[in-house]
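What follows is a single structure, written as structure tokens, with notes after it.
The values are calculated or read from the model by the stated rules, or taken from the named source; none is laboratory data. All values derive from a computational prediction rather than experimental measurement. Glycine gets a Cβ as well: all are built from the backbone with ideal geometry, and neighbour counts include every protein chain shown. In case anyone asks, the SASA skips ligands and DNA or RNA and just uses the protein heavy atoms, side chains included. Shrake-Rupley method; radii C 1.70, N 1.55, O 1.52, S 1.80 Å.
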Amino acid sequence: MYKSRIAGVGHYVPDNVVTNQDLEKLMDTSNEWIIERTGIEERRFVKPGSDDTPSTMGTKAARVAMERAGVTPDEIDFIVFATLSPDYYFPGPGVLVQEQLGIKEIGALDVRNQCSGFIYALSVADQFIKTGMYKNILVIGSELHSGGLDMTTRGRNVSVIFGDGAGAVVLQATENENSGILSTHLHSEGKHAEELALIGPNTGKWVPEIIEANDAEDISYYPYMNGNFVFKHAVTRFQEVIHEALQTNNKAATDIKLLVPHQANLRISQYIQKKMALSNDQVYNNIMRYGNTTAASIPIAMSEAWEEGKIKEGDLICLAAFGSGFTWASALLYW
Ligand code: ACO
């Protein structure tokens, strides 16, 4: 039976840097508040009018991942695209990447699992490779949050934490027993769906209805987050799902070379690091520079860690995420 390994990783972020000071001009917030509560110093926002979209950013990240994997677009068998901010309501961005890369008429699947989206997508791709159906799969996470945030004081608890960007990996079949994904673990708890959600427009309340109601109180078309509630669940679920991955594979926290957590909040990562007694070298964080890029955050972080020489062949890497749904997930793999 085949295993699947990450053969190449890449990322792309827009040039436009938006600092906390820039946000101070738009809403009642402060650099100090944002840094103290989240660790974020700046993020990237796609400039209005730019060509960057979730799919084009995903394609740029995918090209880097393919080059590093030594794989050409024609060798890709399947695309799995994770995002909560697709180019269109439908179709999903997976097919747009297939077109942008100019590749043959392969399958393209879209995953809608928010901050856990990349690990869910990786897990799906892993199953296709293990069964022998595909050899090379592009797994992409990409988000364009900035166009859909409430950039007034009303939306400040959400808007200051998100950023735009994309990351991708080429997941490849291997027969090497000492390489590749050991296990993935996926969870959900839909009773908390509305604690972190963008509710409208939806099939029960469509756009004309929202416009007609002209209700200034109705901000259902902006993301809503019960921050404290999400935070408390996040710190518990992150630890649970990392332990699940370690236990399944008979490993200890000390065996982890690098934990790449979804970049939701620096305080969440630091809390997990402390609880699991991990050293600074064992946890990778880049939320300071990019904010929370949801489905893109793990592949962007992996790509930067790889570029910095912090991920090498044979290293045991743990990925973990928690977010809207609620959904949470982990993956344990040898690079
Ligand atoms: N600037 C200044 N003040 C602010 C801001 C801001 N940007 N945002 C909120 N405040 C104020 C609030 O109004 C509140 O004021 P009050 O005490 O007068 O009412 C005070 O700061 C504290 O607000 P809290 O929401 O309690 O702040 P908290 O310490 O919880 O930090 C945060 C908020 C950063 C959002 C935090 O709750 C968090 O990170 N939550 C988890 C996020 C997460 O993990 N999300 C999952 C992934 S995202 C996804 O899946 C899409």
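At R0 = 56 Å, how high is the FRET efficiency between N202 and N178 if r is their beta carbon distance? Nearest 0.05 is fine. Using R0 = 56 Å, I get an efficiency of 0.75. Ignoring lysines fewer than eight residues from K47 along the same chain, the ones with Cα atoms less than 20 angstrom from its Cα are K25, K60. Only bridges whose two residues both fall in the chain count here: according to DSSP, what percent of them are antiparallel, nearest 5? Of the beta bridges lying entirely in the chain, close to 70 percent run antiparallel. Nonpolar atom fraction for the range 3-174, defined as the carbon and sulfur part of the 1.4 Å probe accessible area, stands at 51 percent. Based on alpha-carbon atoms, the Kirkwood radius and the radius of gyration of the range 180-334 give Rg/Rh equal to 1.06. Counting only residues at least eight positions apart within a chain, or on another chain, the aspartates and glutamates with an alpha carbon under 13 Å from that of K135 are D74, E75, D77, D126, E175.
Take the Kirkwood radius over Cα pairs of the chain, plug it into Stokes-Einstein at 10 °C and 1.306 mPa s, and you get 80 µm²/s for translational diffusion. Taking amide hydrogens as placed 1.01 Å from N in the peptide plane, the amide H of L259 sits under 5 Å from those of V283, Y284, C318, each at least 5 positions away in sequence or on another chain. For K257, the aspartates and glutamates whose Cα falls under 19 Å of its own Cα, not counting residues fewer than eight places away in the same chain, are E177, E240, E244, D281, E304, E307, E308, E313, D315.
Under 5 Å from the amide H of L182 lie the amide H atoms of L332, L333, Y334, each residue being 5 or more positions distant or on a separate chain, with H modelled from the backbone and absent for Pro and chain starts.
In this simple spin-label model, placing a label point 7 Å from the Cα along the Cα-to-Cβ direction at both I219 and Y271 gives a separation of 2.4 nm. Converting phi to 3J(HN,Hα) with the Karplus coefficients 6.51, -1.76 and 1.60 and the offset θ = phi - 60°, the range 201-211 yields x, 9, 5, x, 9, 8, 3, x, 5, 5, 5 Hz in sequence order, with x at every glycine or proline. Sorting the segments 8-18, 297-307 by their residues' average number of neighbouring beta-carbon atoms within 10 angstrom, most packed first, yields 297-307, 8-18.
Span-like helix criteria (full DSSP H runs; alpha carbon extent of at least 24 Å along the helix axis; mean Kyte-Doolittle hydropathy of at least -0.5) are satisfied in the chain by 227-248. Solvent-accessible surface of the range 180-334, averaged per residue with a 1.4 angstrom probe and all protein chains in place: 45 square angstrom. Rg of the Cα atoms in the range 44-94, relative to 2.2 N^0.38 Å, amounts to 1.27. Computed across the range 190-242, the Kirkwood radius stands at 13.0 Å (inverse of mean 1/r, all Cα pairs). Peptides 203-209, 131-137, 70-76, 174-180, ordered by how many other C-beta atoms sit within 10 Å of their residues on average, highest first, read 131-137, 70-76, 174-180, 203-209. For the range 162-228, place one equal point scatterer on every Cα, skip the solvent, and apply the Debye formula. What is log10 of I(q)/I(0) at q = 0.19, 0.21, 0.25 Å⁻¹? Log10 of I(q)/I(0), two decimals: -0.95, -1.03, -1.15. At full extension, T153 and S279 could sit 41.6 nm farther apart than now, given 0.36 nm per residue minus the alpha carbon distance.
A simple packing score, the average count of other Cβ atoms within 10 Å per residue, orders the peptides 236-242, 114-120, 56-62 as 114-120, 56-62, 236-242, with the highest score first. Treating r as the C-beta distance of L186 and K251 and R0 as 25 Å, the FRET efficiency rounds to 0.85. Remark: C-alpha extents of the range 3-174 on the principal axes read 54, 30, 26 Å, sorted largest to smallest. Note on E75 and E308: with the Förster distance fixed at 22 Å, the Cβ-Cβ geometry gives a FRET efficiency of about 0.20.
You can think of it this way: the chain between I35 and K232 has 69.0 nm of extra reach, that is 0.36 nm per residue less the Cα-Cα gap.
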